1. How many lysine pairs in the chain, separated by 8 or more positions in sequence or lying on different chains, have Cα atoms less than 21 Å apart?
2. Using r as the Cβ-Cβ distance of T74 and D531, and R0 as 51 Å, what FRET efficiency do you calculate, to the nearest 0.05?
3. Roughly how many whole Å is it from the C-alpha centroid of segment 1-63 to that of segment 261-313?
4. If you put +1 on each Lys and Arg Cβ and -1 on each Asp and Glu Cβ, how big is the dipole of segment 246-335 around its Cα centre, in Debye rounded to 20?
5. Set Lys and Arg Cβ to +1 and Asp and Glu Cβ to -1, take the dipole of segment 94-555 about its Cα centre, and tell me which of T166, L276, M495 lies farthest positive.
6. What percent do you get for the relative contact order of the chain when only Cα pairs under 8 Å and 6+ apart count?
7. Extension gain A131-D240, at 0.36 nm per residue separation less the Cα-Cα distance, in nm?
8. Just to be sure I understand the model, the point goes 7 Å from the Cα along the line to the Cβ. What's the resulting A512 to T185 distance in nm?
Amino acid sequence: MTTAPPPYSALLEILKTYFPSPVSDPIMDGYFVHTVSGFLDRIDALKSAAPMLGRTREADYGAHHDLVMPEAMTSVEAITALLADYCRGMTVWAHPNAQANVIPPPTIPSITAYIAAALYNPNLIWDEYSAGFAEAEIEAVAMLASLLGYNPAQAGGVFTFGGTGTILYGLKVALERLTGGRAMTEGVRRDYKVLASDSSHYARLNVTGWLGLGSNNLVTVPTTPHNEISLPHLEATLRDLFDRGETVMAIVLTMGTTDAFGIDDLAAIAALRDRLVAEYRLPFAPHLHADAVIGWPWLVFRDYDFILNPLGFQTRTLRSLKDSLERIAPLHLADSVGIDFHKTGYTPYVSSLFLTRHRADFGLLSRDQAQMPYLYQFGHYRPGLFTLECSRSGAGALAALANLKLLGKEGYRVILGHTVEMSEILRERLETLDCAVVLNDYNLGPVTLFRVYPEGVDAAAAYERETNDPTYRTELQRHTAYNRRVFDWTHAQAMKGEGVLLSWTDAYRHTADAEAPIAALKSFVMSPWTDRQAMDTVVRQVLEARRRIAADDQV
Ligand SMILES: *Cc1c(COP(=O)(O)O)cnc(C)c1O
């Protein structure tokens, strides 16, 4: 006797067409490709001269309050159209006129890696669920360890949920090293101090807060006008803490600050730490975690011939690359390092790697210490025994590996060299203007922060007083408001497809007395398509904004 199929079976047949076919099925595979290509066609229709898909839409979040889950199934086509619609208003990071922030356009292979991961859904909890993706993680870790100069036989690493995650891992390893693994079971029972500069990323606050160290135990050290941690202040702070019998758990160094590409002097800080550890006979040497999420790929210039300069960079660019490299080269002196591929590594979000000099340290994080988590020489790779995450996507690791192999050192030299070359052009132009000041004058890299001033104001003198003279605060605020108007006008132009999309930072840094923030216009070059013309446009539109503002103020 045959039973009639249940009523849902017809719907189930439709529902199956929502999934890629599990077995080779040219018709269904064709449907999948057609769906993706239909999506790309819809996106293509949104492109224009502006560095943005479609127009920005003013979101009405309030209107979504009483949305409820739909009752019925719809179709792949309807949802594809909807998805394309959600891309409206996205900045096209690859656009030559997009210079907003450290957000890269991802390469095709890194996107394909995300598609691979989306299709087959690897979970890096262990190799049983991630197969080759687990190998991709191990390979990427090996390549980065060698690029850094860590001993590959001892180094280890895992991909995690962002640059913030790399700092979290760094400080967690430091905490467990300090307490011999006891913090994991007994909790944080004492005050442990963490030091970082005032230009370091605010992730330091999240991490000390979330780890239970307490953000009050974070000691913020001032930076020099070059946005790097002040060594005399650092030494004085450490001495003061040691004299008071405090325990310093870690120093977080920033190798490329977010706004200005300031780079801490890691070599000097490592030497300072060792000297003070000996002098104070400390039982624990403060852990050095290098937050190199932005600066790491500059290491590829270690093998570049700066004399012969085969890639033909301009003298200014060469000097910049060389100076950055000098500061970033000692990365191997750090006990652990954070690396983002989704910033200067050109992959999609999220692809972040935490690297440690001693992978044995991961044993301190392991829930079951009897099981060595890292014995992959026996054919098993089970990072899930010690990672914070349970489900951990394989996408970030495969995308990182894709770019490391696609670009190689050569490709990273070309793209980073180009972005620095473009920003050097901008700096050169701005330096010739009487009305502009480049703020991160001594910092190198692809980001330029600048302020402009109205007619009749001596820009250099004004900036000097803004920074150092507390009686000049009214002018500081007035000039900041002026720069904001310049920014707003250039932003509107960019949205019309008639200019470069810059960004605005409310507090590039603070005045010398730390009382008031100094805002700035910011150009962050990331796209390989950005060219001289785009850099000329930045200068032209800033000057045009000044003329417009002057004209508006006349009437
Ligand atoms: C972006 C950034 C972070 C945070 O990384 P996410 O990937 O955004 O979590 C940390 N440090 C620096 C210097 C950064 O620029």
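Readers should treat all values here as calculations from the given coordinates under stated rules, not as data from a laboratory. Keep in mind it's a predicted model, so treat the numbers as computed, not measured. Cβ placement follows ideal geometry from the backbone for every residue including glycine, while neighbour counts extend to all protein chains displayed.
1. Details: K47/K496; K172/K193; K322/K343; K322/K409; K343/K405; K343/K409; K343/K522; K496/K522.
Going through the chain pair by pair, I get 8.
2. The value I calculate is 0.70.
3. When both Cα centres are located, 48 Å separates them.
4. Numbers: 8 positive and 12 negative charges, 43 e Å.
Roughly 200 debye for segment 246-335.
5. The residue sitting farthest along the positive end of the dipole is T166.
6. Dividing the mean separation by the residue count of the chain yields 20 percent.
7. Values: separation 109, 0.36 × 109 = 39.24 nm, distance 5.08 nm.
Working it through step by step, the gained length comes to 34.2 nm.
8. The modelled label-to-label distance comes out at 5.5 nm.
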